[in-house]
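Each value in this text was obtained by applying a stated rule to the coordinates, not by laboratory testing. None of these values were measured; they are calculated from a predicted model. Cβ atoms come from the backbone with ideal geometry, glycine included; neighbour counts cover every protein chain shown.
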Amino acid sequence: MTSFEPPDAGLLVEHLLPSLLGLNRLFSQEMQERTLFFGELSTELEALHGRLNVISSPAREERDVCQYPWLWRYVSHFTVGANSRAVQHAKLWAFHWQVDGAEVLELHVSSTNLTASAFKGQVQAGWRAILDLCHPPSEGRRRTWGNLVPFLDALGVSAGTVASDRVQRLVRLLGCVQCPAETTFIASIPGTTSAARQLKQFEPSQMHMLAPTIGEWNDGTLMNWSKDVGVDPSKLRLKWIPEGHSWANPNWWSLSKSALKVLANRSVRLDCLQPKPRFIAEHQDGDNRWSHAKLYLIVSRRRRYLLVTSANWSASAWGAGKLPPRNFELGVVFETNWRGLEDVGQKFVASSVPYCSCTEPRTSDDPQLQWVEATWDGKHIELHARSADDTTLIDATIRFSDGTQKQISVIGRFAICPWNDAQRTPIVVRFTQAYDALEADVIDLRVPSEFSKTSLPEIDPDLATALREAFLLQRYGGPVVDVDSIPGLNSASRPVVAAPSADYSVQEWVDARAAFRVIDRWCHALDEAKAELTLLDRVRWDGQELCRLYARREGPAAGLVVEELGWRIEEEA
């Protein structure tokens, strides 16, 4: 997943991840349900360790690390700028699912950041595709995705070596399926040619644009952008808000007076949004969210195309002429009959004054400290940094899960710090160089056997082992975990009643069947994981844990399970 703003841990933990992972429980403040929720969440996240990744722009402001700082052990958070200056503004989500034994790739391209405000306070626009991965990878199928593949290649390189390796998993999956018909990806890559030229293929005669942030256009950049697209500025229709509109907030919608003057001088028409704009029927009265969507309706002689994108209308997002884009941006173009954007508003008259930001944008020099990364493999913390200033020392403050800190210096672009305490894990590192500062969430690279040694602080240590075992069994087809199945969680749970001796043989038979169903599910998962080393290591470790779990149980059924599992594990070694 990608985001401009750093991802919101509260959003992911309490809402997004439980939904994506299909947890049996929702987040709750009730103690017993909360314990079971975090027990299930941690087990599912651990199974996907190394496969949940977010790439964003770097965080330059010091963040509050109080809410779920442990999340970044499970979800790897990368930032761009490893090789050159870049802003990550694209919003791409890619999910690789197993559905009824078949592999599926689900893609989302939108304007949605991974923040609570993006979901609760804004209206977004997005595109979605669900595709069956029914072919082996091929270069021919990969090429059908056009600009998406070089965009992913560049994004991965910009986010560092670890991120690049993980992004290539998605690139390989794209080789297993053709791009949906009549779909074209439009991508901006920092430092490359103008992305606006990619729109020229649609032969636009007119373009309608809706975006909440308008760049600092000057006469030269505006004319160059129009030339790149192939449409005269007088044929551009910008959908904007008037003064007094409910969205008229400089933190939401932004257009400077100087940019407005440039647009007016080149006859770019501004169309007025109504006080309560409604693009779709689902946008109800009383919905106070403001539009964060970026939509471009391309009108050609015989067809209309809709571009759904992350890109605001600015030279930074698109580039213009010889000026390259500064941002990573991604959008999708497809043919449409929708005229909602084209029909919005009328030309501004004297009574409809365009809203302008109160202050002109401030210009500032690019910071010297441009990219940082922190990784931990269970033995060493490695720090990487890129700065335009090779002479000034970079200091790094490592924060640990118990609240303690450790300071070291980064000499050149690299530093290393020995650390093997699995109970006091490194959480975040703040890099400072003179007046510049960047923070990096620590990317946990431990192998499964070491990663499992660290439990969630949200869970009572006395319950951690029982919860882990119960949810491990549940994942492989064991009984669904409830309050009564965890000793010590429910003080009012019913006392265990011994079964009559005549029932023991029946119960042992039932237990044996249930246990061997777990083995069958584990073996099936092992077979499916053989194509990917990181997942294979995790499933193998689960098998060893299941073996230890049953070894602690009494009865002939448990003994048979241990023997069978041991044989399967030894066979796969």
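Assorted remarks:
- Residue list for the stretch 36-62, given a label point 7 angstrom along the Cα-to-Cβ vector of Q405 and an amide N cut-off under 17 Å: 60-62
- Legend: P(r) of the stretch 369-472 from all alpha carbon pair distances, 10 Å bins from 0, whole percents, reading 14, 42, 26, 13, 5, 0.
- Exposure proxy ranking, count of Cβ atoms within 10 Å, fewest first, for K227, K91, K453: K453, K227, K91
- Sorted by Cβ density within 10 Å, fewest first, the residues F119, F431: F119, F431
- On the basis of the beta-carbon distance and an R0 of 45 Å, D287 and E572 show a calculated FRET efficiency of 0.25.
- Label-to-label distance, nm, for residues given as E139 and L393 (7 Å Cα→Cβ offset): 5.1 nm
- Between helix 161-174 and the chain there is an angle of about 90 degrees, using the helix long axis and the longest principal axis of the Cα atoms.
- Here the gap between R552 and R517, fully extended at 0.36 nm per residue and compared with their Cα-Cα distance, gives a gain of 10.7 nm.
- In angstrom, the C-alpha Rg and Dmax of the chain are 27.1, 94.
- Extension gain for F414-H108 works out to 106.6 nm (0.36 nm per residue, less the C-alpha to C-alpha distance).
- A Förster radius of 45 Å combined with the Cβ-Cβ distance from S258 to R169 puts the calculated FRET efficiency at roughly 0.50.
- Relative contact order [Cα under 8 Å, 6+ residues apart], the stretch 369-450, whole percent: 38 percent
- When the C-alpha to C-alpha distance is required to be over 24 Å, the pairs from K235/K261; K91/K379; K120/K257; K91/K235; K379/K453 that qualify are K91/K379; K120/K257; K91/K235.
- Extending 7 Å from the Cα toward the beta-carbon at both Q544 and E33 defines two label points whose distance is 3.8 nm.
- Packing-based exposure ordering (other Cβ within 10 Å, fewest first) of F451, F151: F451, F151
- Potential lengthening between D366 and W338 on full extension [0.36 nm per residue; Cα-Cα distance subtracted]: 6.0 nm
- Inter-probe distance in nm under a simple model that places probes 7 Å from Cα toward Cβ, at R266 and H380: 5.2 nm
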